[in-house]
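Below is one structure, written out as structure tokens; comments come after it.
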Amino acid sequence: MNILILGGGGREHAMAWAVRQNPKCDRLIVAPGNGGTAAIADPAQLDIEDASRVAAVAKREKIDLVLVGPEAPLVAGVADRLKAEGVTVFGPTAAAAQLEGSKAFTKGICDAASVPTAAWARFDDAAPAHSYIDQVGAPIVVKADGLAAGKGVTVAETAEAAHDALDALFADPGGSCVIEEMLTGEEASFFVLCQGETALPLGTAQDHKRAFDGDLGPNTGGMGAYSPAPVMTETVTARAMDEIIRPTLAEMARRGTPFEGILYAGLMIEDGAPKLIEYNVRFGDPEAQVLMMRLGAQALDLMQACAEGRLKEARVNWADDHALCVVLAAEGYPGAYEKGSRINGLSALPQTSDRMVFHAGTALEDGATLATGGRVLTATARGASLQEAHDKAYDLARRIDWPEGRFRSDIGWRALP
Ligand code: AMP
Ligand code: GLY
């Protein structure tokens, strides 16, 4: 079959890598792709948020299945358009993608379906938002209401910090925000394949959102991850399915906007009780890198079954293994950083089913790999234990010769002895 993957990050390289291992995959296109996907797939330069262009390319290239990596094309209605034109697509409609597109929408679903989550309020104007903070005090969480690539959130320890965050949010006209109670506990990412009210738990992971060791510094898109997440025990997973995922899917279906695709629940777990922090309507990045490495070729069968409406028949065959990944980012990320530096030593590294350096912001120029983004590479490894996966991933990361890059040295600290 011919497959088109939309996106150009580490997540999409990992998806392409897993899909390529499946003998069903004939032609693979990644749009726009990166310096890593170029080795295993054809690139296509197109605006992936332009639904009619994506549909036109899918038809011209006789694509049998489109896998959408990031959220922006989904929120923009790319899956709706592909479906309307008879192209099979893995990913939700724009209406269902509101679970990520609008925090207020998701909070409304939680209220309607009695899903446990932080208490919240939404504001379109600065003045009442400031008085609300004066009234409830800190700690408190201030979020922009809209897509912000995981960066529109301030966990404020003091009321002053919360007021500052509001000032920043309302500096531009038309701002709106959600203010939430701060949840405590341990965070985990829970991935569930969904087709209407059919739900198949796919896996768990833990991300490291802060830029620096010790979970310090600014929030980033994610600096490293591992799978599975030990905090997601069988009991916690069962509760998350019963109390969070199933009620959400039922409410979405009841509203006539059933969710199809991968639902990524960001959970906070305290005393064995999971609460929803937020939903994403796509795989996480870098969580996809560890999930894809563990799933291998079956990732394609699972996403295809979901896209073709056969999720009820699908099964996940998990090996008893662990994966861990370390993100190499440009010095300065998530703030300002240089582009165009040269990365050496990649070709000497192993590329096997248990060791891969997935590319994100890279481009190939005259045979050289150049850094073109903030998050640039993800050194990813699998092993019989988390320690083994950790040691293999760090060995890869250290062998990459890129003086302009940096990585956290403590990925996995929570789960390692
Ligand atoms: P979000 O973009 O909603 O995932 O938020 C980014 C990060 O902020 C999350 O991964 C959490 O670490 C943190 N966060 C968001 N909401 C809350 C909350 N209500 N309580 C505690 N931490 C939160
Ligand atoms: N790693 C967090 C995210 O993909 O949103």
Per the 1/(1 + (r/R0)^6) rule, R0 = 56 Å and r from the Cβ atoms of LEU364 and ASP167, FRET efficiency to 0.05 is 0.85
Pseudo-spin-label distance GLN351 to ASP111, built 7 Å along Cα→Cβ, given in nm, is 5.1 nm
Rounded to the nearest 0.05, FRET efficiency between ALA250 and ASN2 (Cβ-Cβ, R0 30 Å) equals 0.30
Residues whose modelled amide H sits under 5 Å from the amide H of GLY8, counting only those 5 or more places away in sequence or on another chain, are GLY33
When the charge dipole of the range 268-396 is computed with +1 at the Cβ of Lys and Arg and -1 at the Cβ of Asp and Glu, the Cα pointing farthest to the positive end, of GLY309, LEU291, THR369, is that of GLY309
If the chain between ARG53 and THR235 were fully extended at 0.36 nm per residue, the gain over the current Cα-Cα distance would be 61.0 nm
Across the chain, qualifying lysine pairs (alpha carbons under 25 Å, at least 8 places apart or different chains) come out at 24
Taking a crude spin-label model, label points 7 Å out from Cα along the C-beta direction, the THR257 to GLU388 distance in nm is 4.5 nm
Once THR184 and LYS312 are pulled to full extension, the length gained, defined as 0.36 nm per residue separation minus their Cα-Cα distance, is 42.6 nm
Most packed first (mean Cβ within 10 Å per residue), the peptides 38-49, 54-65 order as 54-65, 38-49
Those trypsin sites (Lys or Arg not before Pro) from the range 312-349 that are DSSP loop and have at most 12 other Cβ neighbours within 10 Å turn out to be ARG315
If every Lys and Arg gets +1 and every Asp and Glu gets -1 at its Cβ, then about the Cα centre the range 126-256 yields a dipole, in debye to the nearest 20, of 480 debye
Going residue by residue through the range 67-73, the Karplus relation 6.51 cos²θ - 1.76 cosθ + 1.60 with θ = phi - 60° gives ³J(HN,Hα) values, rounded to whole Hz and with x marking Gly or Pro, of 10, 9, x, x, 7, 4, x
The simple spin-label model distance between TRP413 and PHE212, using points 7 Å out along Cα→Cβ, in nm, is 1.2 nm
In whole percents, the bins of 10 Å from zero upward hold the Cα-Cα pairs of the range 309-417 as 14, 40, 27, 15, 4
By Cβ neighbour count within 10 Å, fewest first, TRP318, TRP17 rank TRP318, TRP17
Rh (Kirkwood, all Cα-Cα pairs) for the range 108-261, Å, reads 17.4 Å
One finds, for ASP242 and ASP395 with R0 = 51 angstrom and r their Cβ-Cβ distance, a FRET efficiency to the nearest 0.05 of 0.80
Summing +1 per Lys or Arg and -1 per Asp or Glu among the other residues with Cβ less than 11 Å from PHE259's Cβ gives -3
In debye to the nearest 20, the charge dipole size for the range 305-381, taken about the Cα centre with +1 at each Lys and Arg Cβ and -1 at each Asp and Glu Cβ, equals 160 debye
Assertion target for ASP125, ASP366, ordered by fewest C-beta neighbours within 10 angstrom first, is ASP366, ASP125
Dividing the alpha-carbon radius of gyration of the chain by 2.2 N^0.38 Å, where N counts its residues, gives 0.94
Applying the gyration tensor rule to the Cα atoms of the range 234-295 (axes a ≥ b ≥ c; rounded if a/c under 1.5, else prolate if a/b exceeds b/c, else oblate), the class is oblate
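Read-outs throughout are calculated quantities, based only on the coordinates presented, and are distinct from any laboratory measurement. It should be emphasised that the depicted structure is a prediction, and the values quoted were computed from it without experimental measurement. Neighbour counts run over all protein chains shown; Cβ positions are idealised from the backbone, glycine included.
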